[in-house]
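The values are calculated or read from the model by the stated rules, or taken from the named source; none is laboratory data. Not measured: the values here are computed from a predicted model. Heads up, the Cβs are rebuilt from the backbone with ideal geometry, glycines too, and the neighbour counts pull from every protein chain shown.
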Amino acid sequence: MAKGKFYVTTAIDYVNAEPHIGHAYQKIAADVLARWHRLLGKDVYFLTGTDEHGKKVQRAAEAQGKTPKEFVDEISEKFKEAWEMLNIKPDRFIRTTDPDHEKVVKEFILKCNENGDIYKGKYEGLYCVDCEAYYTEKDAPNLECPVHKRPLEKLSEESYFFRLSKYRDFLLELYEKHPEFVLPEKRRNEVIKRVQEGLKDFSITRTSFDWGIEFPLDKSHVVYVWFDALINYYTATRANGLEKFWPADAHLLGKDNTWFHCVYWPAMLKSAGIELPKTVFNHGFLSFNGQKISKSLGNAISIKTLVEKYGADSIRYFVLRQIPFASGDDGDFSEKALVERHNNELADKLGNLVLRVSALVEKYGIEKTEVKELNTSQMLQKVSQHMERFEFDKALADIFFIVDLANEFVQKEKPWETQSKEVLYEALHAIRDVAILLSPFIPEACEKIARNFNFTLSLEEFGKPLANISRKKSEVLFRKI
């Protein structure tokens, strides 16, 4: 089995609004990767959290008559609760208001400054508070934010800048020598094209508000939220015993974060003399029942509501089976499609197979035999290759191919008539191997299967003869919706 370490991070979510299924898509993918690499025997560290500074947060807090700290404490808890409901288990939930993060950000800035990459200037530009970002007139010819479709504010303020322009050649060489740094390929091509056009230095401090980390070179400034937020991935590995996890193996981000993470972030790390992460994967957006997810449209349905309606396993399975994550394309969280997959695949195929076989094993028992019809030996390698390439949908398709074969085999051999213990052994052998490979995706159901038959969800058991199996009929894993 592969050993070593695996460090996976997600975007840290901005706390100006509550979590919805769009946020959850990425967190589910990261949790599945973390569980998968643990299954491979690696030392795994999984990080998620919340991004809590900036003018947008300050304004949102003021609108509710709260201090920024009261506001971020409240919303941050809602993100933690949402991930718990979806069985997402990070090793750390980082907040950019955490004291260790503030310390690391200041140290990071001093390193960049020692390298001659920070200088004082004046910034004038068109600013979107919701994006916490400046736009050029080329990006926003009608002077409104291309993302939020709201008028941009004209701002002029004294600011400290980071010499991004200095890193153009370094970045282009990085993309050429390490194409895996930016995935998928189409995002890499977009980034290369823009970097080739030239890079402007970017503003890294603000003076128009005070909800941020104090800038260590000038106390009248606070650190720009994006500069502060990016450093969280590094902060999380600075505690004793965690240094071994840096650099990150996979940053998972939405495609709107590509520029910051694939251009600003590697340049910042190079400036501070810190090793670069292996891969920044930029996935597509989710819509909900065919509509863009938006608070104003009233369709930013809560995670709690969805989990109560469908269950965590079904949501986890659906988003990664339905939407090809590796393509980086957008996808739709369709409740109709979810119900179809839940009923046809989870309930009828997997659930029914486990229920039928467990009932017959309870009645007739099993007898060890050579596995011929339901050989799973190639499945582990195929699924591993898909997981390396972020092809969650293909991994699930391959696993369910074995589920289909097992159902066909049981139907053909009719062990309820023949009372064949060898047939039941082979079917149960396939169920055990399927449950092991499915456990990162649908952990709750797989834990129930493992408990019912008395095996462990470990790759050390995968493909090996069954031993000490308990003969007990399973509970219903997935009730039809």
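Scan GLU413, GLU388 and give me the residue that is free of Cβ contacts under 8 Å to residues at least 12 places away in the same chain and under 30 Å from PHE281 (Cα atoms).
Checking each option against the conditions leaves just GLU388.
Looking for something on the phi > 0 side of the Ramachandran plot and free of Cβ contacts under 8 Å to residues at least 40 places away in the same chain - is there at least one such residue anywhere in segment 450-469?
Taking every residue of segment 450-469 in turn, at least one turns out to be on the phi > 0 side of the Ramachandran plot and free of Cβ contacts under 8 Å to residues at least 40 places away in the same chain.
List the residue pairs whose Cβ atoms are under 7 Å apart, where the first residue sits in segment 164-190 and is free of Cβ contacts under 8 Å to residues at least 12 places away in the same chain, the second is surrounded by 12 or more Cβ atoms within 10 Å (Cβ to Cβ), and the two are 6 or more positions apart or on different chains.
Listed by first residue and then by second, the contacts come to PRO179/ARG188.
For the structure I just gave you, tell me whether ALA427 is under 27 Å from HIS342 (Cβ atoms), under 29 Å from the mean Cα position of the chain (by Cα) and either of a type outside the set (S, T, N, Q) or outside any loop (DSSP other than H, G, I, E, B) (or both).
It is false that ALA427 is under 27 Å from HIS342 (Cβ atoms), under 29 Å from the mean Cα position of the chain (by Cα) and either of a type outside the set (S, T, N, Q) or outside any loop (DSSP other than H, G, I, E, B) (or both).
Criterion first (in contact with a helix residue (DSSP H, G or I) (Cβ under 8 Å, 6 or more places away or on another chain), under 17 Å from LEU338 (Cα atoms), at pLDDT below 95 and of a type in the set (Phe, Trp, Tyr)) does PHE318 satisfy it?
The answer is no for PHE318.
Mind checking which strands (runs of 3 or more DSSP E) fall wholly inside segment 97-187 and carry at least 2 residues that are over 28 Å from PRO277 (Cα atoms) and not hydroxyl-bearing (Ser, Thr, Tyr)?
Filter on segment 97-187 gives 118-128, 153-162.
Filtering segment 364-416 down to residues that are over 21 Å from the mean Cα position of the chain (by Cα) and among the acidic types (Asp, Glu), which residue is nearest to GLU461 (Cα to Cα)?
Going through the qualifying residues, I end up with GLU370.
Within segment 131-155, how many residues are exposed (fewer than 15 other Cβ atoms within 10 Å of the Cβ) and more than 21 Å from THR205 (Cα to Cα)?
12
If the Cβ limit is 8 Å and pairs must be 6+ apart or interchain, which residue in segment 1-18 that is hydroxyl-bearing (Ser, Thr, Tyr) pairs with which residue that is part of a loop (DSSP other than H, G, I, E, B) and modelled with pLDDT of 95 or more?
TYR7/THR237; TYR7/TRP246; TYR7/PRO247; TYR7/ALA248; TYR7/ASP249; THR9/ALA236; THR9/ALA248
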